[in-house]
Amino acid sequence: MCKACDYTIHAAQHHFGWDNSFSPVETVAPGSTLEFECLDSSAGQLNPESTVEDVKTLDFGKVNPVNGPIFIDGAKPGDVIKVSIEEFKPSGFGWTANIPGFGLLADRFEDPALHIWSYDKDALGTSAFGPGGKVPLKPFAGTIGLAPAEAGLHSVVPPRRVGGNIDIRDLAAGTELYLPVEVAGGLFSIGDTHAAQGDGEVCGTAIESPMNTVVTLDLIKNEKLETPRFTTPGPVTNHLDSKGYEVTTGVGDDLMEGARGAVSRMVDLLSKRYNMKAVDAYMLCSVCGDLRISEIVDQPNWIVSFYFPRLVLE
């Protein structure tokens, strides 16, 4: 456990979805440091012995559990919660799945698939994906946010003004995240921890991995903020940059179709060049490749690019 932490929020102290009527599991003063025992996004339904058959029977009512909520004393609508992301303590186990009906290329990949990862939780080096592939790790929490003002239970799947399932891989240790408060106390929750992910999380899953997460929660009074913002402590791609990238593009007047085209072409490139199953290439793209909007001003066509780091397969 975290010796410098004021509170530990245990794995059993989690909830599903967002609801501002949920009772806080802890009330803390601004400036408190907490350690959260975060579950993976399957809530433990997938484990190191799981097979693709377990993907078929996932209970989607139990996906993306988040630990909390935490009531921050003095937080009111119109304030901001500053989340200093201090540390991640990975477990050494993770999984990536293609879940039918989910993901950017769901119409192309209709069958379930599963890849189980193992990695050195102490050295936190790379994690192997099949023969020849090694993915650099960068732990972060995919779901991190506050309760929305709207009453009732809301799905945890889409991101929101107050955060939630934002899946931004740069919310790693050292980053400072700012979230707008919409209800008294803010009601902070966190979970869905990942060992690595590409920008876009294109197949719908990253290296989903249970791990403990340490954050400090501060309060900024009367600061208008409409959506989350964050500050990184330094470069964000130096774990991937060293050998350059293979890049495919999508060109057209629809950004979503451009993204789908760029990713699909990279799947085809990896499959052909490395004799890899297309679904494996798709899942690999999700955990280490980056979607970028390269050009959006030269109407009527835009360019979306997909960057795949060459060091993974060289």
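Against the definition (in a strand (DSSP E or B) and over 18 Å from the mean Cα position of the chain (by Cα)), how does V251 come out, yes or no?
Against the criterion (in a strand (DSSP E or B) and over 18 Å from the mean Cα position of the chain (by Cα)), V251 qualifies.
If a residue must be more than 20 Å from the chain's Cα centre (by Cα) and among the acidic types (D, E), how many such residues does region 278-310 contain?
Final tally of qualifying residues: 2.
Could you run through region 290-314 and say how many residues are farther than 16 Å from C203 by Cβ, outside any loop (DSSP other than H, G, I, E, B) and among the β-branched types (V, I, T)?
Residues meeting the conditions: 3.
Given the condition out of contact with any strand residue (DSSP E or B) (no Cβ under 8 Å at 6 or more places or on another chain), part of a loop (DSSP other than H, G, I, E, B) and open to solvent by less than 50 Å² (accessible area, probe 1.4 Å), answer yes or no: does some residue in region 274-283 qualify?
Checked against the condition, which is being out of contact with any strand residue (DSSP E or B) (no Cβ under 8 Å at 6 or more places or on another chain), part of a loop (DSSP other than H, G, I, E, B) and open to solvent by less than 50 Å² (accessible area, probe 1.4 Å), region 274-283 yields at least one hit.
Tell me the residue from D218, D192, D199 that is within 30 Å of L105 (Cβ to Cβ), among the charged types (D, E, K, R) and touching a Lys or Arg at 6+ places or on another chain (Cβ under 7 Å), please.
Step by step, each of D218, D192, D199 is checked, and only D199 is within 30 Å of L105 (Cβ to Cβ), among the charged types (D, E, K, R) and touching a Lys or Arg at 6+ places or on another chain (Cβ under 7 Å).
List the residue pairs whose Cβ atoms are under 8 Å apart, where the first residue sits in region 227-242 and is at pLDDT 95 or above, the second is open to solvent by less than 80 Å² (accessible area, probe 1.4 Å) and among the polar types (S, T, N, Q), and the two are 6 or more positions apart or on different chains.
As it stands, the answer is F230/T175; T231/T175; T232/T175; P233/T175, since those pairs meet every condition given.
Within the group A206, A196, A172, which residue is surrounded by fewer than 20 Cβ atoms within 10 Å (Cβ to Cβ), hydrophobic (A, V, I, L, M, F, W, C) and either out of contact with any helix residue (DSSP H, G or I) (no Cβ under 6 Å at 6 or more places or on another chain) or not in a strand (DSSP E or B) (or both)? Let's see the steps before the verdict.
Details: A206 fails: surrounded by fewer than 20 Cβ atoms within 10 Å (Cβ to Cβ); A196 fails: surrounded by fewer than 20 Cβ atoms within 10 Å (Cβ to Cβ).
Just a single option satisfies the conditions, and that option is A172.
Residues that are aromatic (F, W, Y), over 18 Å from F36 (Cβ atoms), out of contact with any helix residue (DSSP H, G or I) (no Cβ under 6 Å at 6 or more places or on another chain) and touching a residue at least 40 places away in the same chain (Cβ under 8 Å): does region 118-129 have at least one?
Within region 118-129, one or more residues are aromatic (F, W, Y), over 18 Å from F36 (Cβ atoms), out of contact with any helix residue (DSSP H, G or I) (no Cβ under 6 Å at 6 or more places or on another chain) and touching a residue at least 40 places away in the same chain (Cβ under 8 Å).
Taking only pairs six or more apart or across chains, which ones have beta-carbon atoms under 6 Å, a first residue in region 290-304 that is in contact (Cβ under 8 Å) with a residue 60 or more places away in the chain, and a second residue that is open to solvent by less than 50 Å² (accessible area, probe 1.4 Å) and in a strand (DSSP E or B)?
L291/F306; R292/S305
Do the conditions hold for V287, that is, is it open to solvent by less than 30 Å² (accessible area, probe 1.4 Å), hydrophobic (A, V, I, L, M, F, W, C), part of a helix (DSSP H, G or I) and modelled with pLDDT of 95 or more?
The answer is yes for V287.
Would you check if S189 is polar (S, T, N, Q), under 16 Å from I72 (Cβ atoms) and either touching a residue at least 24 places away in the same chain (Cβ under 8 Å) or surrounded by fewer than 20 Cβ atoms within 10 Å (Cβ to Cβ) (or both)?
Yes: the conditions hold for S189.
Test I85 against the criterion of being within 30 Å of L114 (Cβ to Cβ), at pLDDT 95 or above, open to solvent by less than 30 Å² (accessible area, probe 1.4 Å) and part of a strand (DSSP E or B), and give yes or no. Working first, answer last.
Details: within 30 Å of L114 (Cβ to Cβ): yes; at pLDDT 95 or above: yes; open to solvent by less than 30 Å² (accessible area, probe 1.4 Å): yes; part of a strand (DSSP E or B): yes.
Judged against the criteria, I85 is a match.
Is it the case, given these coordinates, that T227 is surrounded by 14 or more Cβ atoms within 10 Å (Cβ to Cβ) and in a loop (DSSP other than H, G, I, E, B)?
no
The values are calculated or read from the model by the stated rules, or taken from the named source; none is laboratory data. Nothing here was measured: the structure is a model prediction, and the numbers come from that model. Every residue, glycine among them, receives a Cβ derived from its backbone with ideal geometry; neighbour counts consider all protein chains shown. The area values use the complete protein model at the heavy-atom level, side chains included, leaving out ligands, DNA and RNA. Shrake-Rupley method; radii C 1.70, N 1.55, O 1.52, S 1.80 Å.
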